[in-house]
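Below you'll find the structure, written out as structure tokens, and then a few comments.
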Amino acid sequence: MNKSFPIFTVGAIVVAVLIYFFYNSKESQGGVIEDEISSPITSSSSVGLIDDKRIIEAEGEPENWIAHGRTYEEQRFSPLTKINKESVSDLGLAWYKDMGTNRALEATPIVVDGIMFFTSTWSRVYAVEAKTGKTLWSFDPEVPGEWARKACCDIVNRGVAVYQGKVFFASLDGRLFSLNAETGEKIWEVDTITDRTRAYTITGAPRVAKGKVYIGNGGAEYGVRGYVTAYDTETGEQVWRFFTVPGDPSLGFEDPAMEMAAKTWKGTNWWEFGGGGTVWNSIVYDPDFNNIYLGVGNGSPWTREIRSPGGGDNLFLASIVAVDADTGKYKWHYQTTPEDNWDYTAVQDMALADMEVDGEKKKVLLQAPKNGFFYVIDRSNGKVLRAHPFAAVTWATHVDLETGRPVENPEVDYSENGSFVLPGPLGAHNWQAMSVDLDAGLVYIPAQENAFFYAIDENYKKTGIYKRNPGRWNMGIEMSSLAQNVLSNLESMPEPGGFLKAFDPLTGETKWSVPIPHYWNGGVLGTAGGLVFQGDALGIFSAYDKETGERLWEFNTYTSMLAPPISFEIDGEQYVSILTGSGGGDLFGGEPLPPIEIQASLTYNNFGRLLVFKLGGQKELPIPDVRDKTIPEQVLADASNDQIRNGESNYNQYCAVCHGFVVKSAGGLPDLRKMTTDTHDLFNKIVLEGILGSNGMAGFADVLSEDDVDNIHHYVRARAHEDREVSLGNMEAPQFTWYGVED
Ligand code: CA
């Protein structure tokens with residue numbers, strides 16, 4: 001057995017559960033990681049001098065990457081040119097840092113005067129010398145492992161903000177921190193969560209401006225009410241809070257915007273379950289208008305007829321909302337998907353730009369949200385100027401620019417019969433950053449086409465009652481028979497795939513498009529050197545010619561990527577860096593049909609690393625062994641079809657989001673088909689009692705009975721048995737029709 005492999009990737013070998021414990025506890029343990037030697041930053045760093053003016057003028061310091069999207073405009077386009085079309089063939093690895101995790105890394109590092117600040121899993125923060133990788137300090141907020149159960153999309157974090165000598169970040173369990181940028185020592189910590197009985201999580205990077213730090217949260221599917229809070233950067237005191245969806249009207253409204261929003265919700269109890277509308281990713285400061293733009297997510301549940309019976313737009317779900325940066329007062333909104341029915345969040349990165357539109361200079365906001373339309377919005381008033389599709393879209397035919405509203409396509413209405421719809425809930429574009437190239441008039445988008453079979457929850461259809469459950473995903477979608485629904489509608493299933501697209505937001509034309517066999521790929525960086533960088537699911541970090549999309553350079557990282565690359569310069573040398581490790585929201589998409597085994601994280605593993613490249617870099621990455629995909633022979637206990645189906649239903653409600661649909665892990669978390677005998681023996685203790693809670697596998701005794709867990713176990717074994725039979729050539733493809741002993 002190769003020691004560098006986490007235990008759960010190894011197949012039929014009987015491995016002591018103790019080792020499993022050891023591996024995972026290392027992953028989640030608090031405190032400074034053993035091999036990290038912390039030393040304060042002593043260089044003549046200007047970290048302490050970052051303020052609004054400097055970020056506004058960030059174009060003047062191309063060597064640094066001082067804000068999340070490099071500047072307040074968040075265009076993620078580097079003006080550096082030393083790495084260019086001619087020189088890129090000489091690009092090589094300068095150094096790498098193992099982050100000791102096999103879960104997804106999503107952060108955009110901040111680089112100031114050669115010091116890099118970034119986050120890893122479990123909301124840990126690192127400051128490293130960007131030239132050498134030497135760790136200067138690290139900080140672990142010691143997130144309770146059990147909080148992972150509240151996270152829809154893994155224990156990820158998308159980064160820090162650096163401002164006036166402080167590093168700001170938020171932890172998965174909803175705390176916001178201010179650290180001394182030089183030493184990593186904590187200055188203050190605040191709890192941003194209004195109700196800790198609800199499943200709030202934070203994975204997004206805070207933004208800073210006007211002496212305030214702005215942070216939202218996630219958890220819509222689990223039943224929370226979205227909001228964004230501004231805190232004083234010096235003291236941590238709350239300055240304002242803006243809710244994105246209305247609360248209980250009988251209690252009065254926080255502000256006139258909530259009163260307006262409440263008129264667009266129907267039914268009697270949306271507020272009891274929170275309503276959703278979380279701002280889990282994009283928050284952008286606009287110095288031109290003193291606005292903060294909030295990218296607002298989906299409602300809970302996804303299906304509108306359950307969420308808001310009788311209709312209504314459900315403001316501010318799936319919207320971009322402009323509020324005053326100083327007061328948090330509502331200014332305008334644009335709703336990308338009124339009456340959202342598909343999980344079409346508008347939380348994707350927003351970029352600001354000055355563009356000529358129809359012969360007029362406009363200050364615009366650019367966003368490619370999940371719903372597949374690319375929006376160009378006038379920042380002065382929120383009016384939509386363009387909304388061209390940038391990927392395959394079937395839910396709507398177009399956006400009417402007069403009304404600003406999409407025109408839905410009745411052919412894929414799923415209120416009666418289920419239907420494949422494009423985009424699916426992962427979106428035509430998700431949080432993986434795009435890059436805006438104003439010179440070329442193009443945006444480079446990590447787009448995807450990944451349909452989903454939407455059908456209304458069968459139990460609700462039968463009874464008219466939807467039981468909301470705070471312990472699980474609440475989608476209103478039929479999940480227990482999803483595999484069967486997909487199988488019986490295979491002929492209408494669009495093929496999934498990914499694309500790197502150079503897209504003109506004004507004309508809607510695609511200048512070029514690079515197909516990528518897997519849909520779930522990394523963020524994008526454009527550079528003035530004529531290059532577009534992206535890491536993909538196949539583990540290849542590439543530089544493309546920004547004129548043609550031709551691949552000019554590639555580097556095999558052996559790990560799927562999601563994070564966006566950045567570029568910076570130290571002592572006259574340009575660097576490009578990227579974090580590796582996939583997962584995130586795609587944990588749910590274990591890709592049952594067709595099986596896509598091309599992901600590097602499935603072929604090898606998920607190696608959480610920070611990679612830094614420069615011209616002439618000579619460092620080599622160790623080449624990992626290919627993973628053993630053998631599925632051990634299963635001990636099939638006597639179980640009826642009904643028991644297995646009950647197990648499947650509960651698996652889909654509680655387990656699939658992390659361990660993968662149809663029990664196929666996407667790579668980051670244990671693949672339950674490969675459980676050892678010891679783990680099988682401890683199955684109920686793990687699932688009910690939560691004996692692995694500190695590692696992130698919390699107990700589920702509050703929502704599952706002993707029988708439920710037995711049935712989940714039967715289902716897991718039945719699935720493992722099927723896949724083993726397929727791998728041995730005894731079965732052509734999984735049948736998903738259980739063969740247990742009839743009662
Ligand atoms: Ca969602």
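No value in this document is a laboratory result; all are computed from the given coordinates. Here the structure is a predicted model, which means the values were calculated and not measured. Cβ placement follows ideal geometry from the backbone for every residue including glycine, while neighbour counts extend to all protein chains displayed.
A few comments on the model shown:
- When each of Asp642, Asp255, Asp313, Asp173 is scored by the number of other beta-carbon atoms lying within 10 Å, the sequence from fewest to most is Asp642, Asp255, Asp313, Asp173.
- Simple spin-label estimate for Ser488 and Leu621 gives 4.4 nm between the two label positions (7 Å along the Cα-to-Cβ direction from each Cα).
- Cross-link partners for Lys82 among the aspartates and glutamates, with Cα-Cα distance under 16 Å and sequence neighbours closer than 8 places in the same chain left out: Glu61, Glu63, Asp90, Asp545, Glu569, Asp571, Glu573.
- Taking all Cα pairs closer than 8 Å and separated by 6 or more residues, the relative contact order of region 171-269 comes to 17 percent.
- Built from the Cα atoms of region 366-416, the convex hull projects on average onto 3.9 nm², one quarter of its surface area.
- Antiparallel content of DSSP bridges confined to the chain, in %, to 5: 100 percent
- CD proxy at 222 nm, helix term only [per DSSP H run n ≥ 4: -39500 (n - 2.57); per residue of the chain; nearest 500]: -3000 deg cm²/dmol
- Once Rg and the Kirkwood radius are both taken over the C-alpha atoms of region 355-509, their ratio Rg/Rh works out to 1.04.
- From least to most packed, judged by other beta carbons within 10 angstrom and beginning with the fewest, Ile456, Ile465 follow the order Ile465, Ile456.
- Think of the chain as having a plus end and a minus end, set by charges on the Cβ of Lys, Arg, Asp and Glu; of Ile187, Val612, Gly572, Ile187 sits farthest toward the positive end of this dipole.
- Relative contact order of the chain: 15 percent, from C-alpha pairs under 8 Å at least 6 residues apart in sequence.
- Point-charge dipole on Cβ atoms (K/R +1, D/E -1) for the chain, about Cα centre, debye to 20: 680 debye
- Amide H partners (placed H, <5 Å) of Leu552, local residues excluded: Ala543, Tyr544, Asp545
- Amide H within-cut-off set for Ala181, under 5 Å, with H built and near neighbours excluded: Lys166, Val167
- Computed from backbone phi with θ = phi - 60° and the Karplus coefficients 6.51, -1.76 and 1.60, the 3J(HN,Hα) list for region 448-462 is 8, 10, 8, 6, 9, 8, 8, 8, 6, 2, 5, 4, 5, 4, 6 Hz; x is used for glycine and proline.
- When the Cα convex hull of the chain is projected onto planes of every orientation, the mean area is 29.1 nm².
- Protection proxy ranking, peptides 563-571, 83-91, average beta carbon neighbours within 10 Å, highest first: 563-571, 83-91
- Links that overshoot a 25 Å alpha carbon limit, given the list Lys546/Lys619; Lys461/Lys664; Lys263/Lys361; Lys186/Lys210; Lys210/Lys329: Lys546/Lys619; Lys461/Lys664; Lys263/Lys361
- Relative contact order of region 60-187: 20 percent, from C-alpha pairs under 8 Å at least 6 residues apart in sequence.
- Relative to the Cα centre, the charge distribution of region 367-456, modelled as +1 at Lys and Arg Cβ and -1 at Asp and Glu Cβ, gives a dipole magnitude of about 280 debye.
- In sequence order, region 78-87 has phi-based couplings of 8, x, 5, 10, 5, 8, 9, 4, 6, 8 Hz under the Karplus curve 6.51 cos²θ - 1.76 cosθ + 1.60, θ = phi - 60°, and Gly or Pro positions carry x.
- What you get for region 98-190, charging only the Cβ of Lys and Arg (+1) and of Asp and Glu (-1), is a dipole of about 160 debye around the Cα centre.
- Order of Trp122, Trp553 under a 10 Å beta carbon neighbour criterion, fewest first: Trp553, Trp122
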